[in-house]
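Inspection log for the structure reproduced underneath, given as structure tokens.
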Amino acid sequence: MKTYNVKASEIEREWWIVDATDKTLGRLSTLIAQVLRGKHKPTFVPHLDNGDFIVVTNAEKIRVTGNKEEQKTYFRHSGYPGGARFTSLKQLREKHPERILEHAVKGMLPHNRLGRAQIKKMKVYAGENHPHEAQQPKPLKIG
């Protein structure tokens with residue numbers, strides 16, 4: 001019996017849509033990361049990007065547990081001395097609610113050029129509307 005390896009030209013991608021309303025941040029992020037990587041397909045190989053596209057709506061209504069709304073911080077640095085900046089989850093939700101989910105999923109993907117290609121297949125929108133109706137995304141079964 002021979003082992004079958006999928007080639008990059010044979011990869012078929014689907015479009016999925018997820019409504020993030022009242023979904024827990026970490027649990028939704030792990031599901032999205034698995035679909036972006038292609039782990040839900042029988043043809044998964046870790047060195048190829050054979051995942052699907054994901055459209056996430058209502059990112060501003062995502063839920064976090066405990067005191068994370070005030071205590072969870074996001075770190076960035078300008079590169080200059082004293083250039084450390086901290087943003088709380090509450091502040092990020094007010095200004096850029098889609099970045100919360102993007103940051104969580106990005107940390108679950110490979111930290112190389114493969115992961116950078118996979119994160120580009122995720123489209124996150126703060127509200128209900130999205131410009132991907134032409135792709136006819138199917139609802140992703142959660143839970």
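Coordinate-derived values only; no laboratory data. Just so it is clear, the structure is predicted and the values come from calculations on it, not from any experiment. Positions of Cβ are generated from backbone atoms using ideal geometry, with glycine treated the same way; all protein chains shown enter the neighbour counts.
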Helix-derived [θ] at 222 nm for the chain: sum -39500 (n - 2.57) over DSSP H runs of at least 4, divide by residue count, nearest 500?
-7500 deg cm²/dmol
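What is the extension gain from Thr24 to Arg63, computed as 0.36 nm multiplied by their sequence separation minus the C-alpha to C-alpha distance, in nm to one decimal?
Details: separation 39, 0.36 × 39 = 14.04 nm, distance 0.48 nm.
Gain on stretching Thr24 to Arg63: 13.6 nm.
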So how far apart, in nm, are the two label points at His130 and Lys39 if each is 7 Å from Cα heading toward Cβ?
2.0
Which of [x] 8.9; [y] 11.2; [z] 13.5 is the computed mean projected area of the Cα convex hull in nm² for the structure on display?
[y]
Using only Cα atoms, tell me the angle between helix 25-37 and the longest principal axis of the chain; keep it within 0 to 90° and round to the nearest 10.
30
Report the antiparallel proportion of the DSSP beta bridges in the chain as a percent, rounded to a multiple of 5.
30
Hey, in the GNM for the chain with a 10 angstrom Cα cutoff, which one of Gln91, Gln34, Gln71 fluctuates hardest?
Gln71
Size of the dipole of the stretch 25-131 about the Cα centre, Lys and Arg at +1 and Asp and Glu at -1 on the beta carbon, nothing else charged, in debye to 20?
220
